[in-house]
């Protein structure tokens, strides 16, 4: 299993032709996780040949239009595609009410059940988990309540070296070894060593989605060591005061966060429409953190290719 990310939009509040409003589509074990859903997200899914019906979980960071105005359209699209599977939406207070009113006055009746859970932006906590991943909230600093999301793959079972196993080992003992535990005898001594009889599985994937936010070092412990950090970079650092006023970040600040959190890779986006050439963004972030990726609409990232 590996995470596979497609960037649907790298624009900010005022999108441009080449940069749609924010949305990221993450595939894990044939299930889709959508992070934010700016306007025209459904069009971007079609444009990049992604199956909207694969989406099972939707996470909305905050109630600024460029992060959720595409949601009602996406729900309508799924309805027209005769979706019957349940859909899970996580977002701030007010989102469920907005969607209910939109469906009421547009006479939209969904063929599938939507499970909505309200997020809390003031603290970090485990939001959801399933057999494959767990998702934790990341409190951010913006002009409205806003939280990012950390999605982490669950630890893979250890691979058993069958050729080394003794004939009399039990199924329960093998299970302990797969879980990464030594098997002990009645005296508490190691009977079968996990290190000897198994090989540890690949490092689990992890992805942190942090937008919109001012420079906010308190998130460092939450995202420490993450394989890929997406951090908004609305402005270049020459406009750091403007970033502070609007509760956004600069490319330099995103690089600082990535470096201080010791993440493996940094992905930047949410670029202001005032910028036509984005080269200065990658140059600025790399002044601090070299392994920075400049986000582009339609870009795909296979986490197996990240180091």
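Brief remarks follow.
- Cα-based convex hull, the stretch 98-200, per residue volume (Å³, whole number): 190
- Degrees, to the nearest 10: 71-80 long Cα axis against longest axis of the chain: 70
- Residues 46, 34, ranked from the fewest to the most other C-beta atoms within 10 Å, line up as 46, 34.
- FRET efficiency for the residue 307 to residue 279 pair, using the beta carbon distance and R₀ = 22 Å, is estimated at 0.40.
- Net length available on complete extension from residue 184 to residue 43 is 45.1 nm, with 0.36 nm assigned per residue and the Cα-Cα distance removed.
- Neighbour counting of Cβ atoms within 10 Å sorts the residues 199, 171, 138, fewest neighbours leading, into 171, 199, 138.
- Note on residue 17 and residue 286: the model spin-label points, each 7 Å out from Cα along the C-beta direction, lie 2.7 nm apart.
- Against the chain, whose longest principal axis is taken from its Cα atoms, helix 95-105 shows a tilt of about 60°.
- Normalised contact order of the chain, rounded percent, pairs of Cα under 8 Å and 6 or more residues apart: 17
- Stretchable slack from residue 111 to residue 168, in nm (0.36 nm times residue separation minus alpha-carbon distance): 15.1 nm
- Looking at the stretch 159-198, the pairs of alpha carbons with a distance over 11 Å make up 60% of the total.
- Ordering 107, 205, 283 by the number of other Cβ atoms within 10 Å of each residue's own Cβ, fewest first, gives 107, 283, 205.
- Convex hull volume per residue in cubic angstrom - Cα atoms of the stretch 1-139: 113
- Label assignment, Rg/Rh (Cα atoms, Kirkwood Rh) derived from the structure, set (i) 0.98; (ii) 0.95; (iii) 1.04: (iii)
- In the chain, the calculated helix contribution to ellipticity at 222 nm averages -6000 deg cm²/dmol per residue, counting -39,500 (n - 2.57) for every DSSP H run with n ≥ 4.
- Segment residue 131..residue 299, full-extension length gain: 57.7 nm, with 0.36 nm per residue of separation and the alpha-carbon distance subtracted.
A short reminder: the numbers here are calculations on the coordinates, not readings from a lab. Since this is a predicted model, take the numbers as computed values, not measurements. Cβ atoms come from the backbone with ideal geometry, glycine included; neighbour counts cover every protein chain shown.
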